[in-house]
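Peer 1: My questions all concern the structure below.
No lab work stands behind these numbers, since they all come straight from the coordinates. No experiment lies behind these values; they were computed from the predicted model shown. Cβ atoms come from the backbone with ideal geometry, glycine included; neighbour counts cover every protein chain shown.
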Amino acid sequence: MQATLDLVPLLTASGCDLVELGIPFSDPLADGVTIQKASFQALQNGVTPSVCLDVARQLTQKVDVPLVFMTTTTPSCAMATRRSAMTAPRRGSMA
């Protein structure tokens, strides 16, 4: 993740006007071999959707270009469900 934090500002300083960040998925069957291997390697190295969001948060402090995510709906839905379950008691409701 440090490489991403170091590289993205260099890319934007060189004229890049948008950055795509991948959120790995454990079963990217619809993706090509390269993305499948990259997702597997990222997951093996502990990269989670939460880590990706944290990196994006850090990057927004360093660069002034849009950051977009490449992912599937599964990680997004899983994070939304988990967040809802964690905040439900504070809202006085059940998840």
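Peer 1: Under the 0.36 nm per residue contour assumption, what length would be gained going from the current alpha-carbon distance of Asp6 and Thr34 to full extension? Walk me through the intermediate numbers first.
Peer 2: On the way: separation 28, 0.36 × 28 = 10.08 nm, distance 2.25 nm.
Here the answer is 7.8 nm.
Peer 1: Still on this structure, please answer the following. Sort the range 1-78 into rounded, prolate or oblate with this rule: let a ≥ b ≥ c be the square roots of the eigenvalues of the Cα gyration tensor; rounded if a/c is under 1.5, and if a/c is not under 1.5, prolate when a/b is larger than b/c, oblate otherwise. Let's see the in-between values first.
Peer 2: Values: a/c = 1.89, a/b = 1.75, b/c = 1.08.
Cα axes put the range 1-78 in the prolate bin.
Peer 1: Could I ask something else about it? Would you pull out the residues with amide H under 5 Å of Gly22's amide H, same chain only if 5 or more places away, H placed 1.01 Å from N?
Peer 2: Met70
Peer 1: Could you check the spin-label model distance between Leu21 and Leu67? Points 7 Å from the Cα along Cα→Cβ, value in nm.
Peer 2: Reported label-point gap for Leu21 and Leu67 is 0.3 nm.
Peer 1: Fewest first, what order do Phe25, Phe40 take by the number of other Cβ atoms within 10 Å?
Peer 2: On the way: Phe25 23, Phe40 14.
Placing the least packed residue first, the sequence is Phe40, Phe25.
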